[in-house]
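Beneath this line is the structure, given in structure tokens, with notes to follow.
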Amino acid sequence: MKAVRGWFGILALLCAIIPALAQEPMPTKDLYSTSSCVGCHGINAMGGLGPPIAKTKLSAEEFLQIVRHGKGMMPATPPEQLSDTDTQSMYRELENKEWKPAEIPISYKVGALLTTRNVAKIFLVVFLFAAVFGVIGWLRWVRLAGLKQMKPALRRFGYGRAIGVALQSLFVDGFLVKSLWDKNKARWFAHGLMLYGMCGLALADILIQIFNPTRADLALSDPLKLFPIICGFLVLLGVVYVMIRYRNDEFIDNGWTLGRDYLFVTLLFHTVLSGILTLAINRSTSHGWVMPIYLYHLVSITALIVSAPFTRFQHAWVVPTMIALTRVTEAVVAAGVDLGFEREPSPGRHHKSERIAIDVIQRVAPDLADKVRLRYYP
Ligand code: HEC
């Protein structure tokens, strides 16, 4: 549980920092200070998450282009939110705004590091890190499953056939989660909320990349906007269900991975919640919250991905692989091909493993024999 407490510590810190970062919107009547721009460029236009834009050196045309199309992490603003005329007036206002270097906030110095290129670089490193450690962990399980020892049998069975069986299992057992469907439809549904919600979010991202590459802001009713929002809520619902289960299910603690399992659920919760908040805040008038919530979102995603190979997240690729390997082994045996080693098919495996474990412990540390608890991963 240490990791969990650590994460709560970070959260508590964020909770303390966020209100400090959020500027109080001032009741001035000019265009700039009542716009959403304030959230990122500061009440005096001396910077926030975005750069200072007081005394802007841009031409009026360049300014309009940036407002309409956005720039890096800055979202585009459509004419319905800020007309061309208002953009012009705001431009004049900014040209005449006083340059107050003392007001460039520390947060801007952080924000300045978060240019599109840097964010892309950070995420590249984060993804590489997760991929390398994810693959190392995955290979370990494949090795434990004895794939190498199966090679001669697989050759006789036919590699093509084996791949066919594996792919079918990846779809039926992995993607459709057949075992859970057979066992408990309610839990299959809750699990599906997260699994298919996440898949939907990934799909939406690809579709947006294709149909809205500039990520121009869309109406809420646009399918490209509505679909990811619905998926986000589905994931959130699923995660909340799991969090409640963690509180109420007395068997959820396997005595070993609880902290890391809960870390995954918590990070997923914060990623989705901050994503929904980011969306909501862009449409609200609490502009002071835009930057902190955006940072909260970035931090959540980063933590979720960096920790992925070490938390329950890895069940997403380890479990389907292990089931697929089991199915291939079953198919090989069913085809009458000699595996070359003894295979212990489930069920009944647990009791035997447990008996063996107790037997071993009884020999090496007899006083611990009644404390044996087996852990299956995942
Ligand atoms: C979500 C935060 C956010 C909001 C809201 C936002 N901006 Fe920005 N803005 C940025 C960031 C970040 C940059 C720097 C982009 C880059 O260079 O990659 C930027 C850049 C700019 C620039 C270019 C500055 C330069 O010198 O290159 C202008 C001008 C600008 N914003 C104006 C506006 C106006 C006007 C609004 C309101 C309609 C607005 N911004 C709303 C984050 C925001």
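The values are calculated or read from the model by the stated rules, or taken from the named source; none is laboratory data. Every value quoted in this text rests on a predicted model; they were computed, and no experiment measured them. Cβ: placed from backbone, ideal geometry, glycine included. Neighbour counts: every protein chain shown. In case anyone asks, the SASA skips ligands and DNA or RNA and just uses the protein heavy atoms, side chains included. Shrake-Rupley method; radii C 1.70, N 1.55, O 1.52, S 1.80 Å.
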- Message: Any residue at all in segment 116-125 that's exposed (fewer than 13 other Cβ atoms within 10 Å of the Cβ) and outside any helix (DSSP H, G or I)?
- Response: no
- Query: Quick check, is residue 298 closer than 30 Å to residue 50 by Cα and in the same structural domain as residue 169 (by TED's automatic domain parsing)?
  - Reply: yes
- Of those in segment 65-77 that are more than 6 Å from the ligand (Cβ to nearest atom) and assigned to a helix (DSSP H, G or I), the residue least open to solvent (accessible area, probe 1.4 Å) is 68
- Check whether at least one residue in segment 244-257 is open to solvent by less than 60 Å² (accessible area, probe 1.4 Å), hydroxyl-bearing (Ser, Thr, Tyr) and closer than 26 Å to residue 326 by Cα, and report yes or no. yes
- Message: Quick check on this structure: which one of 80, 62 is near the ligand (Cβ under 9 Å from one of its atoms) and free of Cβ contacts under 8 Å to residues at least 12 places away in the same chain?
- Response: 62
- Does any residue of segment 279-297 turn out to be under 22 Å from residue 128 (Cα atoms), among the hydrophobic types (A, V, I, L, M, F, W, C) and in contact (Cβ under 8 Å) with a residue 12 or more places away in the chain? yes
- Mind checking which residues of segment 46-59 are of a type in the set (A, V, I, L, M, F, W, C) and within 9 Å of the ligand (Cβ to nearest atom)? 49, 53, 58
- Note on the structure: Taking first residues from segment 309-324 that are more than 18 Å from residue 243 (Cα to Cα) and second residues anywhere that are hydroxyl-bearing (Ser, Thr, Tyr), the pairs with Cβ under 7 Å that are 6 or more apart or on different chains are 323/169; 324/169
- Query: Does residue 139 satisfy the criteria of being away from the ligand (no atom under 16 Å from the Cβ), assigned to a helix (DSSP H, G or I), open to solvent by 50 Å² or more (accessible area, probe 1.4 Å) and at pLDDT 90 or above?
  - Reply: yes
- Task: Within segment 177-198, track down each residue that is of a type outside the set (Gly, Ala, Ser), open to solvent by 50 Å² or more (accessible area, probe 1.4 Å) and part of a helix (DSSP H, G or I).
- Result: 178, 181, 182, 183, 185, 187, 188, 189, 191, 196, 198
- Task: Kindly indicate which of 166, 186 is at pLDDT 90 or above and farther than 29 Å from residue 229 by Cα.
- Result: 166
- Grab the helices (runs of 4 or more DSSP H) fully contained in segment 209-323, keeping just those with 1 or more residues being under 30 Å from residue 173 (Cα atoms) and at pLDDT below 90. 223-248, 258-282
